[in-house]
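Report on the structure given below.
The values are calculated or read from the model by the stated rules, or taken from the named source; none is laboratory data. Computed from a prediction, not measured in an experiment: that's the story for all the values here. Because the Cβ atoms are built from the backbone with ideal geometry, glycine has one as well, and the counts that use them run over all protein chains shown. Surface areas here come from the heavy atoms of the whole protein model, side chains and all, with no ligands, DNA or RNA. Shrake-Rupley method; radii C 1.70, N 1.55, O 1.52, S 1.80 Å.
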Amino acid sequence: MRFRLLAAAALAAFASTAYAAPVLAPPATPGPDVQPYVHVPAGQIAIQHLRIIDGTGAAPIEDATLLIDGARISAVLPAGSAVPPGYRTLDGTGETAMPGIVGMHNHLYYLQRPNLDAAGHFEQPLIIPQMTFSAPRLYLANGVTTMRTTGSVEPYTDLNLKREIDAGRLIGPHLDVTGPYLEGPGAFFIQAHTITSPQDAANEVAFWADQGVNSFKAYMHLTRAELGAAIKEAHRRGLKLTGHLCSVTYPEAVALGIDNLEHGFFVNTQLDPGKEPDKCPDSAGDPTIAAMTPGSPEANALIKLLVDHHVAITSTLPVFEQSVPLHAPLQARQMDVLTPQAKEAYLYSRNLVNMRAGTDRGEQETKAYRNDLGLERQFVAAGGLLIAGPDPTGNGGTIPGFADQRELELLVEAGFSPVEAIRIGTLNGATYLGLADRIGSIAAGKNADLFIVRGNPAANIKDVENVIVVFKDGVGYDSAKLLQSVRGRYGQY
Ligand SMILES: [Zn+2]
(Lines give C-alpha, C1' and ligand atoms only; values in the text may rest on other atoms or scores of the structure.)
Protein backbone atom coordinates (compact mmCIF):
# COMPACT_ATOMS: atom_id res chain seq x y z
CA MET A 1 0.00 0.00 0.00
CA ARG A 2 2.78 2.37 0.93
CA PHE A 3 4.43 1.50 -2.34
CA ARG A 4 1.21 2.25 -4.21
CA LEU A 5 0.91 5.62 -2.52
CA LEU A 6 4.48 6.44 -3.40
CA ALA A 7 3.94 5.36 -6.99
CA ALA A 8 0.86 7.54 -7.27
CA ALA A 9 2.75 10.54 -5.90
CA ALA A 10 5.59 9.93 -8.32
CA LEU A 11 3.19 9.70 -11.26
CA ALA A 12 1.60 12.99 -10.30
CA ALA A 13 5.02 14.61 -10.14
CA PHE A 14 6.02 13.40 -13.59
CA ALA A 15 2.65 13.67 -15.32
CA SER A 16 3.19 16.87 -17.28
CA THR A 17 3.51 16.68 -21.05
CA ALA A 18 6.14 18.35 -23.21
CA TYR A 19 8.48 20.59 -21.25
CA ALA A 20 9.69 23.34 -23.51
CA ALA A 21 11.78 25.72 -21.44
CA PRO A 22 14.65 28.04 -22.13
CA VAL A 23 18.12 27.11 -20.86
CA LEU A 24 17.78 29.63 -18.02
CA ALA A 25 14.50 29.15 -16.18
CA PRO A 26 13.28 31.68 -13.59
CA PRO A 27 14.98 31.08 -10.20
CA ALA A 28 13.23 28.52 -7.99
CA THR A 29 13.18 28.09 -4.22
CA PRO A 30 15.20 25.00 -3.19
CA GLY A 31 12.82 22.19 -2.25
CA PRO A 32 13.24 19.63 0.56
CA ASP A 33 15.63 17.38 -1.42
CA VAL A 34 17.81 20.32 -2.42
CA GLN A 35 17.79 22.25 0.86
CA PRO A 36 20.31 19.98 2.70
CA TYR A 37 23.01 20.98 0.19
CA VAL A 38 22.46 24.73 0.50
CA HIS A 39 25.42 26.37 2.24
CA VAL A 40 24.47 30.03 1.69
CA PRO A 41 20.72 30.70 1.32
CA ALA A 42 19.60 33.32 -1.17
CA GLY A 43 19.44 36.85 0.18
CA GLN A 44 21.53 40.00 0.28
CA ILE A 45 25.11 38.76 0.57
CA ALA A 46 28.35 40.77 0.57
CA ILE A 47 31.58 38.82 0.17
CA GLN A 48 34.50 41.05 1.16
CA HIS A 49 38.24 40.89 0.46
CA LEU A 50 37.60 38.65 -2.53
CA ARG A 51 39.66 38.32 -5.70
CA ILE A 52 37.39 38.31 -8.76
CA ILE A 53 38.17 36.79 -12.14
CA ASP A 54 35.26 38.17 -14.13
CA GLY A 55 35.34 35.78 -17.09
CA THR A 56 36.02 38.39 -19.80
CA GLY A 57 39.73 37.58 -19.95
CA ALA A 58 40.61 40.71 -17.93
CA ALA A 59 43.15 40.63 -15.08
CA PRO A 60 41.66 39.78 -11.68
CA ILE A 61 40.24 42.49 -9.43
CA GLU A 62 41.93 42.29 -6.01
CA ASP A 63 40.31 42.82 -2.61
CA ALA A 64 36.86 43.46 -4.10
CA THR A 65 33.45 43.21 -2.47
CA LEU A 66 30.93 41.11 -4.36
CA LEU A 67 27.28 41.96 -3.72
CA ILE A 68 24.61 39.38 -4.46
CA ASP A 69 20.96 40.35 -4.13
CA GLY A 70 18.63 37.39 -4.56
CA ALA A 71 19.33 35.65 -7.84
CA ARG A 72 21.42 38.51 -9.27
CA ILE A 73 24.83 40.08 -8.82
CA SER A 74 24.07 43.61 -7.63
CA ALA A 75 27.60 45.07 -7.71
CA VAL A 76 31.33 44.47 -7.75
CA LEU A 77 32.83 47.14 -5.46
CA PRO A 78 36.51 48.14 -5.30
CA ALA A 79 38.72 47.67 -2.23
CA GLY A 80 37.66 49.67 0.82
CA SER A 81 34.02 50.18 -0.26
CA ALA A 82 31.35 50.25 2.40
CA VAL A 83 28.81 47.43 2.42
CA PRO A 84 25.25 48.74 1.98
CA PRO A 85 22.95 48.20 4.96
CA GLY A 86 21.01 44.95 5.14
CA TYR A 87 23.67 42.77 3.53
CA ARG A 88 25.01 39.69 5.32
CA THR A 89 28.83 39.91 5.15
CA LEU A 90 31.18 37.00 4.46
CA ASP A 91 34.99 37.11 4.43
CA GLY A 92 36.61 36.04 1.16
CA THR A 93 40.23 36.59 2.20
CA GLY A 94 42.51 34.24 0.24
CA GLU A 95 39.64 33.25 -2.03
CA THR A 96 38.71 33.92 -5.66
CA ALA A 97 35.29 34.15 -7.32
CA MET A 98 34.92 33.16 -10.95
CA PRO A 99 31.88 32.76 -13.21
CA GLY A 100 30.16 29.40 -13.20
CA ILE A 101 31.55 27.14 -15.91
CA VAL A 102 29.36 26.91 -19.03
CA GLY A 103 30.11 23.31 -20.03
CA MET A 104 29.46 22.84 -23.73
CA HIS A 105 30.19 19.11 -24.13
CA ASN A 106 28.87 17.60 -20.92
CA HIS A 107 26.97 14.31 -20.80
CA LEU A 108 24.65 12.86 -18.18
CA TYR A 109 25.60 9.21 -18.70
CA TYR A 110 28.33 6.61 -18.33
CA LEU A 111 29.71 4.35 -21.06
CA GLN A 112 29.41 0.69 -20.06
CA ARG A 113 31.48 -2.03 -21.79
CA PRO A 114 30.06 -5.39 -20.70
CA ASN A 115 32.65 -7.80 -19.22
CA LEU A 116 35.61 -5.54 -20.00
CA ASP A 117 38.91 -7.28 -19.25
CA ALA A 118 42.50 -6.17 -18.75
CA ALA A 119 43.29 -6.73 -22.45
CA GLY A 120 40.53 -4.25 -23.39
CA HIS A 121 38.11 -6.88 -24.70
CA PHE A 122 34.44 -6.50 -23.96
CA GLU A 123 31.18 -7.99 -25.12
CA GLN A 124 28.45 -6.33 -27.17
CA PRO A 125 26.20 -4.47 -26.94
CA LEU A 126 27.90 -1.40 -25.59
CA ILE A 127 25.32 0.25 -23.33
CA ILE A 128 24.99 3.79 -22.08
CA PRO A 129 23.36 3.97 -18.63
CA GLN A 130 22.06 7.31 -17.37
CA MET A 131 23.88 9.04 -14.50
CA THR A 132 20.87 11.19 -13.71
CA PHE A 133 21.65 11.14 -9.97
CA SER A 134 25.42 11.54 -9.84
CA ALA A 135 26.31 13.62 -12.91
CA PRO A 136 24.30 16.79 -12.12
CA ARG A 137 25.74 16.83 -8.57
CA LEU A 138 29.28 16.30 -9.85
CA TYR A 139 28.91 19.16 -12.30
CA LEU A 140 27.45 21.62 -9.82
CA ALA A 141 29.90 20.66 -7.04
CA ASN A 142 32.80 21.40 -9.37
CA GLY A 143 31.60 24.83 -10.51
CA VAL A 144 29.52 24.04 -13.61
CA THR A 145 26.36 26.15 -13.41
CA THR A 146 25.16 25.75 -17.02
CA MET A 147 25.76 22.82 -19.35
CA ARG A 148 24.74 21.43 -22.71
CA THR A 149 24.07 17.67 -22.74
CA THR A 150 25.53 17.50 -26.28
CA GLY A 151 23.83 14.29 -27.39
CA SER A 152 21.17 12.56 -25.37
CA VAL A 153 20.59 8.83 -24.93
CA GLU A 154 17.39 9.15 -22.88
CA PRO A 155 16.04 12.53 -23.98
CA TYR A 156 12.83 12.20 -21.96
CA THR A 157 14.90 11.54 -18.83
CA ASP A 158 17.06 14.60 -19.52
CA LEU A 159 14.00 16.77 -20.19
CA ASN A 160 12.35 15.56 -16.97
CA LEU A 161 15.59 16.19 -15.08
CA LYS A 162 15.67 19.75 -16.42
CA ARG A 163 12.07 20.32 -15.35
CA GLU A 164 12.80 19.02 -11.82
CA ILE A 165 15.98 21.12 -11.48
CA ASP A 166 14.23 24.22 -12.81
CA ALA A 167 11.45 23.70 -10.25
CA GLY A 168 13.93 23.39 -7.36
CA ARG A 169 13.07 19.74 -6.74
CA LEU A 170 16.42 18.27 -7.85
CA ILE A 171 20.01 19.55 -7.75
CA GLY A 172 21.98 20.43 -10.84
CA PRO A 173 23.12 23.10 -13.28
CA HIS A 174 20.97 24.95 -15.79
CA LEU A 175 20.54 22.49 -18.67
CA ASP A 176 20.62 22.93 -22.42
CA VAL A 177 19.04 19.59 -23.28
CA THR A 178 20.32 18.31 -26.61
CA GLY A 179 18.07 15.96 -28.56
CA PRO A 180 19.02 12.33 -29.21
CA TYR A 181 22.14 11.72 -31.28
CA LEU A 182 21.17 12.20 -34.93
CA GLU A 183 22.86 9.14 -36.36
CA GLY A 184 22.77 6.92 -39.44
CA PRO A 185 23.54 3.18 -39.56
CA GLY A 186 26.62 2.27 -37.50
CA ALA A 187 26.07 3.82 -34.04
CA PHE A 188 28.47 2.29 -31.50
CA PHE A 189 25.83 2.14 -28.74
CA ILE A 190 22.58 0.24 -29.01
CA GLN A 191 20.16 2.92 -27.82
CA ALA A 192 20.43 5.19 -30.89
CA HIS A 193 17.65 5.61 -33.42
CA THR A 194 18.92 5.01 -36.99
CA ILE A 195 18.14 7.80 -39.45
CA THR A 196 17.46 6.46 -42.95
CA SER A 197 16.65 9.51 -45.09
CA PRO A 198 16.74 13.32 -45.12
CA GLN A 199 13.00 13.35 -44.35
CA ASP A 200 13.60 11.04 -41.39
CA ALA A 201 16.29 13.43 -40.11
CA ALA A 202 13.96 16.42 -40.39
CA ASN A 203 11.14 14.46 -38.71
CA GLU A 204 13.35 13.51 -35.78
CA VAL A 205 14.42 17.11 -35.27
CA ALA A 206 10.82 18.31 -35.52
CA PHE A 207 9.58 15.68 -33.03
CA TRP A 208 12.20 16.46 -30.37
CA ALA A 209 11.91 20.20 -30.85
CA ASP A 210 8.19 19.72 -30.08
CA GLN A 211 9.14 17.80 -26.92
CA GLY A 212 11.17 20.79 -25.76
CA VAL A 213 14.86 20.04 -26.38
CA ASN A 214 17.10 23.10 -26.62
CA SER A 215 19.66 21.98 -29.24
CA PHE A 216 20.72 19.16 -31.54
CA LYS A 217 23.82 17.11 -32.27
CA ALA A 218 24.64 15.19 -35.41
CA TYR A 219 26.85 12.14 -35.18
CA MET A 220 29.29 10.14 -37.25
CA HIS A 221 27.28 8.32 -39.92
CA LEU A 222 24.86 10.83 -41.46
CA THR A 223 24.88 11.68 -45.16
CA ARG A 224 25.31 15.29 -46.25
CA ALA A 225 21.66 15.37 -47.34
CA GLU A 226 20.50 14.11 -43.91
CA LEU A 227 22.71 16.55 -42.04
CA GLY A 228 21.50 19.40 -44.25
CA ALA A 229 17.85 18.48 -43.63
CA ALA A 230 18.44 18.32 -39.86
CA ILE A 231 20.18 21.71 -39.81
CA LYS A 232 17.41 23.29 -41.87
CA GLU A 233 14.66 22.01 -39.55
CA ALA A 234 16.58 23.02 -36.39
CA HIS A 235 17.18 26.52 -37.76
CA ARG A 236 13.54 26.84 -38.81
CA ARG A 237 12.73 26.43 -35.11
CA GLY A 238 15.45 28.81 -33.92
CA LEU A 239 17.61 26.01 -32.49
CA LYS A 240 21.31 25.35 -33.06
CA LEU A 241 22.95 22.15 -34.22
CA THR A 242 26.43 20.88 -33.51
CA GLY A 243 28.20 17.79 -34.78
CA HIS A 244 30.71 15.12 -33.88
CA LEU A 245 31.19 14.29 -37.53
CA CYS A 246 33.02 11.67 -39.57
CA SER A 247 31.03 10.87 -42.74
CA VAL A 248 30.73 14.62 -43.40
CA THR A 249 33.95 16.66 -43.41
CA TYR A 250 34.32 20.00 -41.63
CA PRO A 251 34.22 22.07 -44.87
CA GLU A 252 31.14 20.14 -46.05
CA ALA A 253 29.38 20.79 -42.74
CA VAL A 254 30.25 24.50 -42.90
CA ALA A 255 28.69 24.64 -46.36
CA LEU A 256 25.53 23.03 -44.96
CA GLY A 257 25.27 25.76 -42.29
CA ILE A 258 26.29 23.91 -39.12
CA ASP A 259 26.65 26.10 -36.00
CA ASN A 260 29.35 24.26 -34.06
CA LEU A 261 31.82 21.38 -34.42
CA GLU A 262 32.81 19.12 -31.52
CA HIS A 263 36.22 17.77 -30.49
CA GLY A 264 38.45 20.57 -31.72
CA PHE A 265 40.09 19.45 -34.95
CA PHE A 266 40.34 15.74 -34.08
CA VAL A 267 37.38 14.35 -36.03
CA ASN A 268 37.67 16.17 -39.36
CA THR A 269 38.07 13.63 -42.19
CA GLN A 270 38.83 15.96 -45.13
CA LEU A 271 42.41 14.68 -45.61
CA ASP A 272 41.79 10.99 -44.81
CA PRO A 273 43.11 8.96 -47.79
CA GLY A 274 40.33 7.29 -49.78
CA LYS A 275 37.58 9.28 -48.01
CA GLU A 276 34.33 8.56 -49.85
CA PRO A 277 31.50 11.11 -49.75
CA ASP A 278 28.90 10.41 -47.03
CA LYS A 279 30.95 7.53 -45.55
CA CYS A 280 32.82 7.49 -42.25
CA PRO A 281 36.26 5.99 -42.98
CA ASP A 282 37.76 3.52 -40.49
CA SER A 283 40.56 6.04 -40.00
CA ALA A 284 37.92 8.45 -38.55
CA GLY A 285 40.04 11.58 -39.02
CA ASP A 286 43.38 10.34 -37.62
CA PRO A 287 45.27 11.02 -40.90
CA THR A 288 43.70 14.49 -41.17
CA ILE A 289 44.78 15.70 -37.72
CA ALA A 290 48.22 14.12 -38.27
CA ALA A 291 48.62 16.05 -41.55
CA MET A 292 47.11 19.31 -40.39
CA THR A 293 50.09 21.02 -38.78
CA PRO A 294 49.19 24.40 -37.27
CA GLY A 295 50.08 27.17 -39.75
CA SER A 296 50.05 24.81 -42.75
CA PRO A 297 48.11 25.95 -45.86
CA GLU A 298 45.41 23.34 -45.13
CA ALA A 299 45.03 24.56 -41.53
CA ASN A 300 44.97 28.22 -42.56
CA ALA A 301 42.27 27.60 -45.19
CA LEU A 302 40.08 25.58 -42.81
CA ILE A 303 40.35 28.10 -40.00
CA LYS A 304 39.51 30.99 -42.32
CA LEU A 305 36.45 29.07 -43.54
CA LEU A 306 35.26 28.39 -39.97
CA VAL A 307 35.80 31.97 -38.80
CA ASP A 308 34.18 33.47 -41.91
CA HIS A 309 31.07 31.34 -41.33
CA HIS A 310 30.95 31.93 -37.55
CA VAL A 311 31.19 28.22 -36.75
CA ALA A 312 32.17 27.66 -33.11
CA ILE A 313 34.61 24.91 -32.17
CA THR A 314 34.28 22.93 -28.95
CA SER A 315 37.54 22.02 -27.25
CA THR A 316 37.23 18.64 -25.48
CA LEU A 317 40.81 18.09 -24.36
CA PRO A 318 40.22 15.90 -21.27
CA VAL A 319 38.78 12.98 -23.23
CA PHE A 320 41.66 13.13 -25.75
CA GLU A 321 44.28 13.49 -23.01
CA GLN A 322 43.18 9.99 -21.98
CA SER A 323 44.60 8.63 -25.27
CA VAL A 324 48.06 10.09 -24.68
CA PRO A 325 50.46 7.55 -23.10
CA LEU A 326 51.54 8.42 -19.54
CA HIS A 327 48.87 11.12 -19.13
CA ALA A 328 48.05 12.36 -15.63
CA PRO A 329 46.21 9.70 -13.59
CA LEU A 330 42.87 10.44 -11.94
CA GLN A 331 43.24 12.12 -8.58
CA ALA A 332 42.07 10.37 -5.41
CA ARG A 333 39.10 12.76 -5.14
CA GLN A 334 37.96 11.57 -8.58
CA MET A 335 38.54 7.87 -7.94
CA ASP A 336 36.39 8.31 -4.80
CA VAL A 337 33.23 9.00 -6.81
CA LEU A 338 33.57 5.93 -9.07
CA THR A 339 31.96 2.57 -8.43
CA PRO A 340 34.48 -0.26 -7.86
CA GLN A 341 33.66 -1.52 -11.38
CA ALA A 342 34.20 1.91 -12.92
CA LYS A 343 37.56 2.17 -11.15
CA GLU A 344 38.57 -1.23 -12.50
CA ALA A 345 37.48 -0.36 -16.06
CA TYR A 346 39.38 2.93 -15.93
CA LEU A 347 42.57 1.30 -14.64
CA TYR A 348 42.45 -1.42 -17.32
CA SER A 349 42.04 1.20 -20.06
CA ARG A 350 44.67 3.53 -18.65
CA ASN A 351 47.16 0.67 -18.44
CA LEU A 352 46.60 -0.22 -22.11
CA VAL A 353 47.19 3.39 -23.19
CA ASN A 354 50.36 3.62 -21.11
CA MET A 355 51.68 0.41 -22.69
CA ARG A 356 51.72 2.32 -26.01
CA ALA A 357 54.40 4.71 -24.71
CA GLY A 358 57.31 4.71 -27.18
CA THR A 359 55.35 2.78 -29.84
CA ASP A 360 54.35 4.21 -33.23
CA ARG A 361 50.72 4.35 -32.16
CA GLY A 362 51.64 6.17 -28.96
CA GLU A 363 53.71 8.71 -30.93
CA GLN A 364 50.81 9.27 -33.33
CA GLU A 365 48.39 9.94 -30.45
CA THR A 366 50.84 12.39 -28.91
CA LYS A 367 51.43 14.20 -32.21
CA ALA A 368 47.70 14.42 -32.97
CA TYR A 369 47.11 15.90 -29.53
CA ARG A 370 49.85 18.53 -30.04
CA ASN A 371 48.50 19.46 -33.48
CA ASP A 372 45.04 19.96 -32.02
CA LEU A 373 46.35 22.25 -29.27
CA GLY A 374 48.11 24.39 -31.88
CA LEU A 375 45.04 24.50 -34.12
CA GLU A 376 42.80 25.57 -31.23
CA ARG A 377 45.20 28.42 -30.45
CA GLN A 378 45.37 29.40 -34.12
CA PHE A 379 41.55 29.35 -34.35
CA VAL A 380 41.24 31.74 -31.39
CA ALA A 381 44.01 33.99 -32.72
CA ALA A 382 42.07 34.22 -36.02
CA GLY A 383 38.95 35.40 -34.17
CA GLY A 384 37.13 32.05 -33.86
CA LEU A 385 34.74 31.31 -30.98
CA LEU A 386 36.29 28.45 -28.99
CA ILE A 387 34.02 26.91 -26.36
CA ALA A 388 34.81 24.03 -24.02
CA GLY A 389 33.57 20.84 -22.40
CA PRO A 390 35.24 17.63 -21.25
CA ASP A 391 33.09 14.93 -22.97
CA PRO A 392 32.84 12.44 -20.10
CA THR A 393 33.03 9.23 -22.14
CA GLY A 394 36.03 7.43 -23.60
CA ASN A 395 38.00 5.17 -21.29
CA GLY A 396 36.13 6.26 -18.17
CA GLY A 397 38.85 8.65 -17.05
CA THR A 398 36.87 11.80 -17.88
CA ILE A 399 34.63 12.46 -14.88
CA PRO A 400 31.81 15.05 -14.89
CA GLY A 401 32.77 18.34 -13.24
CA PHE A 402 36.32 17.37 -12.33
CA ALA A 403 37.04 17.14 -16.05
CA ASP A 404 35.51 20.60 -16.65
CA GLN A 405 38.23 21.91 -14.34
CA ARG A 406 40.78 19.75 -16.15
CA GLU A 407 39.70 21.33 -19.46
CA LEU A 408 40.73 24.75 -18.10
CA GLU A 409 44.09 23.36 -16.97
CA LEU A 410 44.71 21.76 -20.37
CA LEU A 411 43.84 25.00 -22.19
CA VAL A 412 46.57 26.65 -20.11
CA GLU A 413 48.96 23.83 -21.03
CA ALA A 414 47.97 24.53 -24.65
CA GLY A 415 49.32 28.06 -24.27
CA PHE A 416 46.33 30.18 -23.25
CA SER A 417 46.75 32.37 -20.19
CA PRO A 418 44.65 31.29 -17.19
CA VAL A 419 42.17 34.17 -17.60
CA GLU A 420 41.86 33.39 -21.34
CA ALA A 421 41.21 29.72 -20.54
CA ILE A 422 38.55 30.75 -18.02
CA ARG A 423 36.90 32.99 -20.60
CA ILE A 424 36.77 30.06 -23.06
CA GLY A 425 35.12 27.93 -20.36
CA THR A 426 32.63 30.58 -19.25
CA LEU A 427 31.78 33.68 -21.31
CA ASN A 428 32.45 32.03 -24.68
CA GLY A 429 29.95 29.26 -23.93
CA ALA A 430 27.39 31.85 -22.82
CA THR A 431 28.05 33.78 -26.03
CA TYR A 432 27.39 30.70 -28.16
CA LEU A 433 24.14 30.08 -26.28
CA GLY A 434 23.04 33.70 -26.84
CA LEU A 435 23.03 34.22 -23.05
CA ALA A 436 26.10 36.42 -22.60
CA ASP A 437 23.93 39.22 -21.17
CA ARG A 438 22.85 36.94 -18.29
CA ILE A 439 25.60 34.39 -17.52
CA GLY A 440 29.28 33.69 -18.25
CA SER A 441 30.84 36.63 -16.45
CA ILE A 442 30.72 38.39 -13.09
CA ALA A 443 29.06 41.79 -13.53
CA ALA A 444 26.26 43.79 -11.96
CA GLY A 445 22.85 42.67 -13.18
CA LYS A 446 23.92 39.20 -14.25
CA ASN A 447 22.77 35.94 -12.71
CA ALA A 448 24.60 35.10 -9.50
CA ASP A 449 26.00 31.97 -11.17
CA LEU A 450 29.58 31.77 -9.91
CA PHE A 451 31.88 29.78 -7.65
CA ILE A 452 34.43 30.51 -5.00
CA VAL A 453 37.76 28.71 -4.69
CA ARG A 454 40.68 28.91 -2.28
CA GLY A 455 43.77 30.39 -3.95
CA ASN A 456 44.21 32.26 -7.23
CA PRO A 457 43.49 30.46 -10.51
CA ALA A 458 44.82 33.49 -12.46
CA ALA A 459 48.28 32.63 -11.09
CA ASN A 460 47.87 28.87 -10.74
CA ILE A 461 45.04 27.41 -12.80
CA LYS A 462 45.01 24.25 -10.66
CA ASP A 463 43.40 26.35 -7.93
CA VAL A 464 40.09 25.95 -9.83
CA GLU A 465 39.99 22.55 -8.13
CA ASN A 466 39.68 24.09 -4.63
CA VAL A 467 35.95 24.77 -4.78
CA ILE A 468 34.27 25.90 -1.56
CA VAL A 469 30.83 27.05 -2.63
CA VAL A 470 28.97 27.22 -5.94
CA PHE A 471 26.26 29.83 -6.44
CA LYS A 472 23.45 29.21 -8.91
CA ASP A 473 20.71 31.85 -9.10
CA GLY A 474 22.12 33.32 -5.89
CA VAL A 475 21.88 30.11 -3.86
CA GLY A 476 25.25 28.86 -2.58
CA TYR A 477 25.71 25.07 -2.69
CA ASP A 478 28.16 23.16 -0.51
CA SER A 479 30.67 21.55 -2.88
CA ALA A 480 32.12 19.04 -0.38
CA LYS A 481 28.69 17.86 0.74
CA LEU A 482 27.54 17.33 -2.84
CA LEU A 483 30.67 15.28 -3.61
CA GLN A 484 30.17 13.24 -0.45
CA SER A 485 26.62 12.39 -1.62
CA VAL A 486 27.89 10.68 -4.79
CA ARG A 487 30.87 8.76 -3.38
CA GLY A 488 31.14 5.44 -5.21
CA ARG A 489 28.09 6.15 -7.39
CA TYR A 490 29.41 7.34 -10.76
CA GLY A 491 29.00 4.37 -13.07
CA GLN A 492 25.95 3.09 -11.18
CA TYR A 493 23.28 5.81 -11.35
ZN1 LIG B 1 30.43 13.47 -26.45
Residues N351 and Q484, FRET efficiency given R0 of 35 Å [Cβ-Cβ distance, rounded to 0.05]: 0.75
FRET E, pair E276, F188, Förster distance 25 Å, beta-carbon r, rounded to 0.05: 0.80
Relative contact order for the chain, counting Cα pairs under 8 Å that sit 6 or more residues apart, in percent: 22
Alpha carbon centroid spacing (whole Å) that separates region 435-493 from region 120-172: 17
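For Q199 and T157, compute 0.36 nm times the residue count separating them, minus their Cα-Cα distance, and round to one decimal in nm.
Fully extending the segment from Q199 to T157 adds 12.6 nm.
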Point-to-point label distance, N466-H310, nm (Cα→Cβ direction, 7 Å offset): 4.1
Rounded to the nearest 10 Å², the accessible area of M335 at probe 1.4 Å: 40
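Rounded, prolate or oblate: which fits region 337-404 when a ≥ b ≥ c are the square roots of the eigenvalues of the alpha-carbon gyration tensor, with rounded for a/c under 1.5 and prolate only if a/b beats b/c?
Oblate, since a/c reaches 1.5 and b/c is not below a/b.
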Neighbourhood charge, 12 Å Cβ-Cβ cut-off, centred on L338 and excluding it, Lys, Arg +1 and Asp, Glu -1: +2
Sum of -39500 (n - 2.57) over DSSP H runs of 4+, divided by residues of the chain (222 nm, nearest 500): -10000 deg cm²/dmol
Shape of region 238-327, Cα gyration tensor, a/c cut at 1.5: rounded
Relative contact order of region 50-102, pairs being alpha-carbon contacts under 8 Å that are 6 or more residues apart, as %: 43
Over 29 Å (Cα to Cα) - which of K240/K462; K279/K367; K232/K472; K275/K462; K240/K472; K162/K217 fall in this group: K240/K462; K232/K472; K275/K462
The chain, dipole about Cα centre (Lys/Arg Cβ +1, Asp/Glu Cβ -1), debye to the nearest 20: 1000
Contour minus Cα-Cα distance for A82 and K367 (0.36 nm per residue): 97.2 nm
